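The values are calculated or read from the model by the stated rules, or taken from the named source; none is laboratory data. Since we're looking at a predicted model, the values are computed, not measured. Because the Cβ atoms are built from the backbone with ideal geometry, glycine has one as well, and the counts that use them run over all protein chains shown. To get the accessible areas, we keep the full protein, side chains included, count just its heavy atoms, and leave off ligands, DNA and RNA. Shrake-Rupley method; radii C 1.70, N 1.55, O 1.52, S 1.80 Å.
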Amino acid sequence: MQIRDERVEDGEAIGQVTSAAFAGASHSSGTEPRIIEALRQAGALTVSLVATSDEAGIVGHVAFSPVRINQDSAQWYGLGPVSVAPQMQRHGIGRSLIREGLARLAALDADGCVVFGDPAYYGRFGFVSDPLLTYGGEPSRYFQRIVLKGETPSGDVSYHAAFDAA
Ligand SMILES: CC(C)(COP(=O)(O)OP(=O)(O)OC[C@H]1O[C@@H](n2cnc3c(N)ncnc32)[C@H](O)[C@@H]1OP(=O)(O)O)[C@@H](O)C(=O)NCCC(=O)NCCS
């Protein structure tokens, strides 16, 4: 299994893996492939990594895009969507994608990253919920952040407009 940046020709396979991964997820909006495409079209896929295997091609994907804090731009990013093909889950692929993605953000001099998801999973990477950094104006244990450098910001976080893609 290898992790690399997405290439121009990967769009369709990334959409398929994302669709398949989220098909069984109760928290899915069903719009995740369109969100990735909208981020790509907007030039907002700051980091977009695929996991590939020799036999199966693209088996996982993770996207990171810029977020705003209190409507101001910041060197902060949102993790997601992240997907691993259903038959390949629980083999460490998601972990490798997320670890590599966070390393890429750090190399880009990012200050931090947020994610909305299961604390039992994202806590492993160092994500923690912080009542001072909210999403939708309310603290949530599912909304978490990791500081990569500098001060810990406070405020309300908004994702790129592509997340409204329907
Ligand atoms: C979430 C996802 C990307 C994780 O990728 P993965 O390759 O299966 O995960 P890893 O192999 O790196 O990690 C597996 C470990 O995390 C745990 N885990 C996996 N998904 C989890 C979840 N949603 N919540 C809590 N724990 C989870 C597993 O129990 C496993 O732990 P173990 O090794 O102690 O058994 C993948 O399960 C997926 O595509 N899910 C559907 C789409 C989705 O929900 N994306 C995230 C939206 S926030």
Item to check | Antiparallel DSSP beta bridges within the stretch 1-135, percent to nearest 5 | outcome: 85
Checklist outcome for this item: Expected max-MSF residue from S19, S140, S48 in the GNM of the chain (alpha carbon, under 10 Å) is S140
Checklist outcome for this item: A chain fully extended from R4 to Q71 at 0.36 nm per residue, minus the present Cα-Cα distance, gains in nm 21.0 nm
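Grab the other residues whose beta carbon is less than 10 angstrom from that of F125, score K and R as +1, D and E as -1, and report the net. Kindly include the intermediate steps, with their values, before the conclusion.
On the way: positive: R95, R99, R124; negative: none.
Summing Lys/Arg as +1 and Asp/Glu as -1 gives +3.
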Checklist entry - How many nm separate the modelled label positions at E55 and S129, each set 7 Å beyond the Cα in the direction of the Cβ? => result 3.9
Checklist entry - At what distance in angstrom do the alpha carbon centres of the stretch 113-139 and the stretch 14-92 lie from each other? => result 17
Checklist entry - Over the chain, what relative contact order in percent results from Cα pairs under 8 Å that are six or more residues apart? => result 23
Checklist entry - Which helices, taking whole DSSP H runs in the chain, have alpha carbons extending 20 angstrom or more along the helix axis plus mean Kyte-Doolittle at least -1.0? => result 93-107
Checklist entry - Could you sort R95, R124 by accessible area so the largest value comes first, with the probe set to 1.4 Å? => result R124, R95
Checklist entry - Roughly speaking, what is the stretch gain from T31 to Y142, that is 0.36 nm per residue apart minus the C-alpha to C-alpha distance, in nm to one decimal? => result 38.0 nm
Checklist outcome for this item: Residues whose modelled amide H sits under 5 Å from the amide H of Y77, counting only those 5 or more places away in sequence or on another chain, are V67, G112, C113, V114
Checklist entry - Of all accessible surface on the chain at a 1.4 Å probe, what whole percent is carbon and sulfur? => result 48
Next on the checklist: Taking amide H atoms as placed 1.01 Å from N in the peptide plane, list the residues 5 or more away in sequence, or in a different chain, whose amide H sits under 5 Å from that of V47.
Outcome noted: F64
Checklist entry - How much net charge surrounds I14 when only the other residues with a Cβ under 15 Å from the Cβ of I14 are counted, with Lys and Arg +1 and Asp and Glu -1? => result -3
Item to check | Computed [θ] at 222 nm, helices only, for the chain once each DSSP H run of length n ≥ 4 contributes -39500 (n - 2.57) | outcome: -7500 deg cm²/dmol
Checklist entry - Can you tell which of Q16, Q2, N70 lies farthest toward the positive end of the dipole of the chain, using +1 and -1 charges on the Cβ of basic and acidic side chains (Lys, Arg; Asp, Glu)? => result Q2
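For the chain, report the accessible area per residue in Å² (1.4 Å probe, heavy atoms, rounded to an integer).
52
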Item to check | Cβ charges +1 (Lys, Arg) and -1 (Asp, Glu), total dipole of the chain, debye | outcome: 360
Checklist outcome for this item: Low-density loop trypsin sites (Lys or Arg not before Pro), the stretch 126-166, at most 11 other Cβ within 10 Å, DSSP non-H/G/I/E/B, are R141, K149
